[in-house]
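Have a look at the structure below before the remarks.
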Amino acid sequence: MGTLGMAFIPTLAANDSVPPKYQREARYYKVTGRGVKCTLCPNECNISLNDTGDCRTRINRDNKLYTTAYGNPCAIHIDPVEKKPLYHFLPGSRSFSIATAGCNLVCLNCQNWQISQATPAETRNQELFPEQVVASSIGNNCQSIAYTYAEPLVFYEYTYDSSERAHQEGIKNILVSNGYVNEEPLRKLSKVIDAANIDLKSFDDDIYVRLNTGSLEPVLRTLKNTKRGRCLARNYQPGYSRLDR
């Protein structure tokens with residue numbers, strides 16, 4: 001697709017590790033007496049040596065936290081921007097859309113569970129580093145790049161670096177996310193995001209616990225902080241969201 005030749009990475013067995021070229025040191029974590037504590041999202045996983053967090057993408061190696069989701073997307077598509085969906089944001093244009101494996105929630109009704117509930121070692125990936133993401137977007141006449149399908153906050157470093165490069169080339173960035181993120185990472189990422197679709201599952205915290213294994217308050221905080229400076233859309237979950245009307 002596009003003007004770049006993108007090399008396929010062979011599918012790895014579940015117990016194989018992701019090659020080092022697709023790993024980067026994570027930006028948000030603390031070293032503790034129990035290993036490392038990830039501070040990217042409200043799960044704030046305490047991760048022992050050689051273990052991964054709930055999102056399946058972040059691993060403790062020698063008491064340093066690494067993302068294993070960098071430059072190895074498992075989904076690459078060119079979508080109409082309306083599919084994100086957004087309201088009157090670059091209408092009629094195309095969006096270069098990417099995702100890696102992994103998510104920090106476990107939603108019972110997830111439509112992309114094959115990749116969101118997998119590790120980057122369990123999906124069939126392609127090699128596409130940030131500079132290639134931007135070049136592919138330009139080569140395919142896309143006015144934006146969408147970080148979507150699974151959960152772009154768990155491939156945070158890949159999303160941020162790609163977004164920063166995109167802005168340098170005049171390409172807009174779209175975040176399609178569950179909004180389950182801590183404030184500091186969100187503030188930094190928001191500087192390079194032009195539009196966001198945040199999935200609000202329900203206004204009932206109990207439903208968040210039962211349906212999504214998360215909690216409501218962090219998502220409301222993300223919605224509030226995102227609305228201050230960016231285009232925003234919201235999604236609700238049929239069959240659950242109606243219960244709290």
Legend entry - Rough spin-label spacing in nm, given labels placed 7 Å along Cα→Cβ, for R124 and K188: 3.5
Inset, instruction - Please tell me which of these pairs span more than 26 angstrom C-alpha to C-alpha: K83/K191; K188/K227; K201/K224; K30/K83; K21/K227? - result: K30/K83; K21/K227
Legend entry - Beta bridges per DSSP with both ends in the stretch 51-209, % antiparallel, nearest 5: 50
Legend entry - Computed E for D206/Q111 - FRET, C-beta separation, R0 35 angstrom, nearest 0.05: 0.95
Inset, instruction - Compute the distance in nm between two label points, each set 7 Å from the Cα along the Cα-to-Cβ direction, one at R61 and one at L220. - result: 4.0
Inset, instruction - Report the full-extension gain for the segment I78 to E164: residue separation times 0.36 nm, less the Cα-Cα distance, to one decimal in nm. - result: 29.0 nm
Legend entry - Computed over the stretch 74-158, the ratio Rg/Rh where both radii use C-alpha atoms and Rh is Kirkwood: 0.98
Legend entry - Relative contact order of the chain, pairs being alpha-carbon contacts under 8 Å that are 6 or more residues apart, as %: 18
Legend entry - Which label in (1) 1.34; (2) 0.95; (3) 1.29 gives the computed Rg/Rh (Cα atoms, Kirkwood Rh): (2)
Legend entry - Extended-chain gain in nm, criterion 0.36 nm per residue less alpha-carbon gap, S48 and K21: 7.5 nm
Legend entry - Alpha-carbon centroid distance for the pair the stretch 199-225 / the stretch 154-191, whole angstrom: 20
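Any read-out appearing in this document is the output of simple, stated calculations on the displayed coordinates, not a laboratory observation. A quick note: this is a predicted structure, and the numbers were derived from the prediction, not measured. For neighbour counting, all protein chains shown are included, and Cβ atoms are generated from backbone atoms with ideal geometry for every residue, glycine included.
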